[in-house]
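Encoded as structure tokens, the structure appears first; notes follow it.
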Amino acid sequence: MIHQFVTFKVDGRLLGVEIVRVREVNRVLSSTPVQHARPYVMGLVNLRGQIVTLFDLGLRLGLGPRRLTASTHNVVLKQEDVGLVVDEIGEVVEVNQDDLEGPPANLGGLARQFVAEVAKLKDELLVILAVDKLLTLE
Amino acid sequence: MSAFVNEALIKDFVADSREHLSSIEPDLLALEGQGDQVDPEVVNRVFRAVHSIKGFSSFLGFKNLSDLSHTMENLLTCFREGRLSTTPERIDALLAGVDKLRVLVEDIQASPDVSCEEEMSSLRQALSDGQAGPADQAGPAGQTGPAGPTAPPTAPTGAIVGQGTARLAAEGGGELDAVVFALEPNCLEQARQAGLSLLALWLDPARDLQGKGRTAEDFLKTLDSCGGCLVSDLGQPQAEGPWRHCLLATFIDDLEIAAASLDLDEGRLRFLPAEAALAGEPEAVDAPAAPAAAPAGKPRPQGRGQGRLAMAAPWPGQAQPFPLELGRGDLEAALASNLFFWAGWVEAADLGGRKDALASFLANLDSCGRRLYCDVEGAAARGGVGRFLLASVIEEQEMAEAALELPPQRLARLESSLFEAALALAAPAPDSPAAALAPTVAEQAPASAFPAPAPAPAAEAKPVQPVETIRVGVDLIDQLINLAGELVLGRNQLVRLLRDSSRRDPSLSPVMQKMDQVTSELQENMMQLRMQPLGYVLGKFPRVVRELSRQLGKRAELTILGADVELDKSILEQLSDPLTHLVRNSLDHGLEPPEERQSLGKPPAGQVIMRAFHEEGLVNLALQDDGRGIDAEKVAAKALALGLIGPEEVRRLSQAEKLALITLPGLSTAQKVTDVSGRGVGMDVVATNIQKLGGHLQIESQPGVGTTVRLRLPLTMAIIPSLVVGTGDLVFAIAQTDVQELVSIQSRHASERLEMVGEAPVMRLRDRLLPLVRLSDALGLERRFRHPATGELLADRRKRIADRRGRGAGQAAGAPTPQEIRRAGSERRGRRADDTNVVVLRVGANRYGLIVDQLYGAEEIVVKPLPRHIKDCHCFSGATIMGDGRVAMILDTGGIAEHARLRFGEIRAAEDLYLQEKASREAAEAQGPERSLLLFGNVSGELLALPLAEVARLEVVDPQAIQRVAGRECVEYGGGGLSLLRLERYLPVAPCPPQAAPIYAIIPKTGDHQVGIVCAGIEDVAVTRAEVQPFPGPYPAARGVVDLKGRLALLLSAQSLLESFARDHPTPAGINPAAAEAAPADASEEA
């Protein structure tokens, strides 16, 4: 069985989420900050009349905060109106079921609970994020 | 069968039933007033609603619901047929039934565990009461004419003729004879329609009547209490055989209960399948009813009898098409309703086992739809195969099988085209089929909504025109509204971009215009989608008022005006509780008991008026009563006694503000707490809820005359008028209903109006203290301000609001204050930016001021709920999209007050203290103005005084230096001469002792400062409020005597003295003309 993942980079790491969970990828990033919100909530953007909450994926994963650059993208999820702000958008990667593994012991600073699986690509390790965990309010 | 019933179906049922139930209530209340003359249209509407609930619930297997609605139907049938009049007791029973149905529907899964016995028995009671009551017999007799559909107990119209089929006798076991009941087909049809069961009774008069001490008449009454006796030969003395027979249409469907109710052996009772009787003599049923037989003036419940249609249809379980005969009307109705046709068969074995298996199977059939053809009853008796054709809403084979509890391969769905073809082939029906379709079609349509004005009786024959509706999820509508809003934004951007191009290309302009128009219209219509008439909520109040007034022993008439005013669905839903509370208040506390009202000269029935109307883009809802009103003073006194406000504050409150105190938590002025109200939580909750809806509550009342409570609500929660404000470069919206006023404090007034109470900054607003919150502080934003010269945003590091008033603090903190910048910059228009903008906000009964950097003005905004991840940010109540497409947060005024930990109590206390001080100061001022007096004298023991304010200066004069010039004493002073005025010349005072040196000259402000009043010594300056007592005698220069803590001083008038001095010395050291002119005025004042 082949899985397809939308891949992107945060702090140089290759991350991915299942393509079926992504509504769209865009550059709608001029957000309105929300005071007193959780630190990883960057703010709200207007996506064609719908209000989307932007997550700083770095902060969410326990890494550093994002800096908006020309390559920054917003990966909007299907399930809820949440957009993940990533440094760079990658390709859609197809991975065979057999090539998926459980999260390794060392994730190098990445909060473990958000990692569903990893896939070894030719020259890189793709970390598959657990979208439901990302959206869970703690 | 419930295992097969899916969730969606149940949801539909719940939604449907809710709608039906809400439509029933106003109709029932309308019926109550009609007594015997019920409007058939209204009864039918109620009947249809109850009937649909019954049908659907029995299909879904909710027995409780179907039983209860079934019993309600029975009572309604009696209304419909004019057999019972609509008394309050009967309507009560029905209303109680509606309530119970509602309870059952709202928690549908728990419904089997809820007992309906109480409601059922009161309904039965209502049924039996009426049928025995002689008053009710008279009513319908006059109304329906001689051929009533059901026979009155004493005169059965039907007759029992001959010996009949073996079917009944066989089951009876030989003892009972067989009988054929002859009666009008209408009766049977109606009984069947009403869901009544047919019960045949065999009676042995000796044993069952005399033996049990009852007469035939008694027994007929008993029969009627269980439903209606259709036919009876009890009254016929010459009847053959030992048995007397009755045919009873009853709501009882259990043999045991029937036997117990009638006090007969179970063996004497047989439930007859309605179809069995019909099948025996089809002509009697299906032949067009004779005009005489049809009750005049009554709509026929079913448009049947337009002939029959013979056809053949493929049938499951057999190779050959099965020939059958169908009622044309039924078939047409089924086709018109898009029902599905199910052909099926059963054999006796399927029905074996339980003795009521046949009845329960037939009931199952009926609950699933309409039987078009059925010979199952016969089959059960014959032991053969029974076939049936059912028109049903069920579409799925599996579900149909489950619903009918049939083994597989017994059912087949027949195409409706088959029946359409058969209809088309057959000769046209004798009557127009439209009449036959009407009732069925109307039944399918949603029950007409409140307020259901009773149609004119003439409309009786006309079918109710169904309004086509479609049920759509609210989220879909919200999404459409979103998109429509977005389309408007897109249109605006496009129009801007194309404006230039359209000049070059004129063909663009009409396209743009069209798009513009369509977009606007689209958005308007979209907004309409969420709107519903207030009537949905107000519709329940006639009932509430009716019950409350009975409960309270009062009389009240409710008038509802403007039920068609529309409001957003979400607001509407949350309006019900607050309104109920207000109505309860009105009835419980407002309206007086009838006797008291009469003694006051008011009509005995209190008037309660609910009026809704549009005003200023808001919906106004006024609830007005003509009761005893609310005494604002009492409310205030109570609030004071409870310590909710301070005494000084009370004095400052206006009448309206005092009345508004009633919304403070814990305040109730009711002398006693009743079931209905008076616990002092209500109005607080009402006001809070209304505020939550973005509305506002206002109370007006006049003791003895009545009370009006006004609610002002936004049309929709989705679009609200708002105030757009800013801090730094961020933009926020505040719901306009939260905003009381805007205050701009110019920086030069800041020190007077901004102060601190403890740690809390406050503002003085018309003698009230207003706690202040700076928006940027509440949101934890770095305070910033725009540099007036460069336009860039800079950090503002002043710590306190009050620092704005002085420059010192700002400078000390090291940041340039706006004042400095203003002074530095050449641009002086930056000044306004330096003003403090305060938005005065209402939070319940409290107010506070929100300091914002910018006021951008009013704007209508579309409210969007907060996303889940920021729900816990209490400072925001929602988000919106501004005209430029950016998201702006909507401030939650209550949340900000909480976040800023505003201590309203503390502020109130400070305010009270301040008001007290002010009051005492004012009280003192009321005694007399405070003034400073210069005290002086010539000899000790004699004290003279001049208001310090009238004294320009004092000069020390050496007596040796006094010269005489033209009759006056002068000293040289400042290059000119100073004339000296000796008081003893004008007043009865001791002269300045000649030996005194130095002496003093007091130079008054009046005049040209060239005259000094001589005195020997200056004593003191005293501040006093003491009143001036008049000084007797012809001395205009003496104003009067002032009591200075025991010492008396003669208060002089400098003006008058100078005037007299000028008269004595007309030349040459001229008196200032201005002083001369002023003098008379002053003199007159003194006089």
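In this rough spin-label picture, where each label sits 7 Å from Cα along the Cβ direction, the B:ARG496-B:ARG985 distance is 8.5 nm.
Diffusion of segment B:928-1086 by Stokes-Einstein, at 20 °C in a medium of 1.002 mPa s and with Rh set to the Kirkwood radius over alpha-carbon pairs, works out to 135 µm²/s. Relative protection proxy for B:41-48, A:43-50, B:638-645, from highest mean packing down: B:41-48, A:43-50, B:638-645 (other beta-carbon atoms within 10 angstrom). For the pair B:ASP107 and B:ASP356, label points projected 7 Å from Cα toward Cβ lie 2.8 nm apart.
Dipole orientation for segment B:928-1086: of the candidates B:VAL989, B:VAL971, B:SER932, B:VAL989 has the Cα lying most toward the positive pole (charges on Cβ; Lys, Arg +1; Asp, Glu -1).
Computed extension length for B:VAL965-B:ARG651: 106.7 nm, one decimal, from 0.36 nm per residue of separation with the Cα-Cα distance subtracted. Per residue of A:25-35, other chain Cβ atoms within 10 Å of the residue Cβ number 4 on average. The lysines within cross-link reach of A:LYS122, meaning a Cα-to-Cα straight distance under 17 Å and a gap of 8 or more places when in the same chain, are A:LYS9.
Over 23 Å apart at the Cα level, from the set B:LYS54/B:LYS100; A:LYS78/B:LYS871; B:LYS540/B:LYS634; A:LYS78/B:LYS514; B:LYS569/B:LYS864; B:LYS11/B:LYS54, are B:LYS540/B:LYS634; A:LYS78/B:LYS514. Report note on the peptides B:384-392, A:97-105, B:211-219, B:753-761: ranked by the mean count of other C-beta atoms within 10 Å, highest first, their order is B:384-392, B:753-761, B:211-219, A:97-105.
Neighbour counts of C-beta atoms inside 10 Å place B:SER225, B:SER877 in the sequence B:SER225, B:SER877, starting with the fewest. Fewest neighbouring Cβ atoms within 10 Å first, the residues B:ARG774, B:ARG90 line up as B:ARG774, B:ARG90. Specify whether the C-alpha gyration tensor of segment B:474-529 places it in the rounded, prolate or oblate class, a ≥ b ≥ c being the square roots of the eigenvalues: rounded for a/c under 1.5, otherwise prolate if a/b is larger than b/c and oblate if not. Prolate, because a/c is 1.5 or more and a/b exceeds b/c.
Spin-label model, B:GLN125 to B:ALA949: label points 7 Å out along the Cα-to-beta-carbon direction sit 8.3 nm apart.
Using the Cβ-Cβ distance between B:LEU913 and B:ASP1020 with R0 set to 35 Å, the FRET efficiency works out to roughly 0.60. Between A:ALA105 and B:MET531, the FRET efficiency estimated from the beta carbon spacing at R0 = 60 angstrom works out to 0.50.
Counting only Cβ charges, +1 for Lys and Arg and -1 for Asp and Glu, the dipole size of segment B:741-784 around its Cα centre is about 160 debye. Report note on the peptides B:945-952, A:21-28: ranked by the mean count of other C-beta atoms within 10 Å, highest first, their order is B:945-952, A:21-28.
Considering every alpha-carbon pair of segment B:938-1003, the percent of pairs per 10 Å bin, from zero through the bin containing the longest distance, is 18, 52, 29, 1.
Taking a point 7 Å from the Cα of B:SER570 along the Cα-to-Cβ direction, the residues of segment B:498-530 with backbone N closer than 19 Å to it are B:523-530. Averaged over the residues of B:882-894, the number of partner chain Cβ atoms lying within 10 Å of the residue Cβ comes to 3. Between B:ARG901 and A:THR69, the C-beta separation translates, for a Förster distance of 35 Å, into a calculated FRET efficiency of about 0.30.
Neighbouring Cβ atoms from other chains, within 10 Å of the Cβ of residues in A:48-61, number 4 on average. Using alpha-carbon pairs under 8 Å, 6+ residues apart, how would you state the relative contact order of segment B:902-1041 in percent? Averaging sequence separation for qualifying contacts and normalising by length gives 28 percent for segment B:902-1041. Counting charges near B:ILE1002 (Lys, Arg +1; Asp, Glu -1) among other residues having Cβ under 11 Å from its Cβ returns a value of 0. Seen from B:LYS602, the other residues with C-beta closer than 15 Å to its C-beta sum to a net charge of -2, counting Lys and Arg as +1 and Asp and Glu as -1.
In this structure, the amide hydrogen of B:LEU850, modeled 1.01 Å from its nitrogen in the peptide plane, lies closer than 5 angstrom to those of B:VAL773, B:VAL839, B:VAL840, B:LEU841, counting only residues at least 5 positions away or on a different chain. Based on C-alpha pairs under 8 angstrom that are at least 6 apart in sequence, segment B:532-714 has a relative contact order of 23 percent. Does segment B:604-643 come out rounded, prolate or oblate, given a ≥ b ≥ c as the square roots of the eigenvalues of its C-alpha gyration tensor, rounded meaning a/c under 1.5 and, failing that, prolate meaning a/b above b/c? Cα axes put segment B:604-643 in the oblate bin.
Relative contact order of chain A: 27 percent, from C-alpha pairs under 8 Å at least 6 residues apart in sequence.
Where a number appears in this text, it was derived from the coordinates with a stated rule and is not lab data. The structure displayed is predicted, hence computed values, not measured ones. Counting neighbours? That spans all protein chains shown, and the Cβs are built from the backbone with ideal geometry, glycine included.
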